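Please treat every number below as a calculation from the coordinates, not as lab data. Since we're looking at a predicted model, the values are computed, not measured. Note that each Cβ is placed from the backbone with ideal geometry, even for glycine, and that neighbours are counted across all protein chains shown.
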Amino acid sequence: MSPWLNSPLVIGVGTRELVVAATAPRWKVVRGHAAALAEPTSVAIPDEQCFTENGVLDALKMALAADHGQTVRTLLGKRQVRIMLDDFWASHAILRGDFRTVRASEIDQILLAHFFDRYGIEAESVQVRFSVQRGGRAVFASAIARTLHDGIREAGMAAGVDVRSLRLCLPDLLNRVQDAAAGASTALLLFVADTLMQAVLFEENRWVAYDSQRLFPGDASDAERIAAQAEQSFECLAGRTSGKCEDCRIYLCGAELDPAPFEGRFCSTQSLAQPAMDKPVAHRLMEAAR
């Protein structure tokens, strides 16, 4: 029998491991009948396969193979799975313009052209997802390798589960940060993970620009280094705005960082509340997928 019974699954996909956990069905939560669930299970990606799509897909198949509740699934239908991916597995971009009357298919073509011009990504090799900002003056877009996207879907089908949600971490944060930054003329979201530092600039509560920098072992825990890189990112992103670094409010998310090195560079520093900071990245992604 499955260690997760017939509860919906949530999976956090990092670069070195996957973490799988059960979550109570919504009807049980609403009725107050949620039962105790098994502890999350970690599936490590072998060192030689870390940072590779094959490593992720093999680990996912292994995780889903541990779910042997086939009799229960036959009676009650496919189990639902929600998956949250580390942003390492995608490319992001913010495009500014007037998108109020642009059709979704046309936006898709604009974004595919941007990812090709910026990163050399061929249109047929990726699946693009996007969100138009309130007011229609900017688009936040993500490009996921089609081989990874389709491979995850196929692994779910092979295991007899329904992948209902496949999301990336940063897009999920944007609305929460945008609400928090509503009173600031200029704000910077700094999202620091093990392998990636991402920055999103807001001006007058609107998305302005996106930047990312690769991090190497030890970088994510070096607050002084990260603060200097954040300042560089701001200067790069703010080229088309009137914002100044000393007037910018910075929001820290991801790795736990000492705010002291950011003070003096930015007008104020705030760490966003987030779960399980003492847990590995994949565990935090799993919590975000709930």
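For this structure, a couple of remarks:
- Relative intensity of segment 128-196 on a log10 scale, I(q)/I(0) at q = 0.12, 0.16, 0.24 Å⁻¹, equals -0.48, -0.77, -1.18, per a Debye sum over C-alpha point scatterers of equal strength in the absence of solvent.
- Under-5 Å amide H pairs with Asp258, H placed in peptide plane, nonlocal only: Ala223
- Over the chain, relative contact order from alpha-carbon pairs under 8 Å, at least 6 apart, %: 19 percent
- Whole-number percent relative contact order across segment 167-283, with pairs defined as alpha carbons under 8 Å at least 6 apart: 24 percent
- In order through segment 252-263: 3J(HN,Hα) via Karplus (6.51 cos²θ - 1.76 cosθ + 1.60), integer Hz, x for Gly, Pro: 9, 9, x, 4, 7, 10, 5, x, 3, x, 7, 6
- Partner aspartates and glutamates whose Cα lies under 13 Å from the Cα of Lys279, excluding those fewer than 8 positions away in the same chain, are identified as Glu17, Asp194, Glu256, Glu287.
- Inter-site label distance for Ser105 and Arg153 at 7 Å from Cα along Cβ, in nm: 1.9 nm
- Peptides 100-107, 174-181, 56-63 ordered by packing proxy, namely the average of other Cβ atoms within 10 Å per residue, highest first: 56-63, 174-181, 100-107.
- Based on DSSP H segments of at least four residues, each scored -39500 (n - 2.57), the chain has a per-residue ellipticity at 222 nm of -9500 deg cm²/dmol.
- Compactness index (Cα Rg / 2.2 N^0.38 Å), segment 64-195: 1.28
- With the simple spin-label model, which puts each label point 7 Å out from Cα in the Cβ direction, the Asp117 to Ala145 separation comes to 2.6 nm.
- Pairwise Cα distances in the chain exceed 37 Å in 18 percent of cases.
- More than 24 Å apart - percent of Cα-Cα pairs taken over segment 188-279: 13 percent
- If both residues of a DSSP beta bridge must be in the chain, then about 60% of such bridges are antiparallel.
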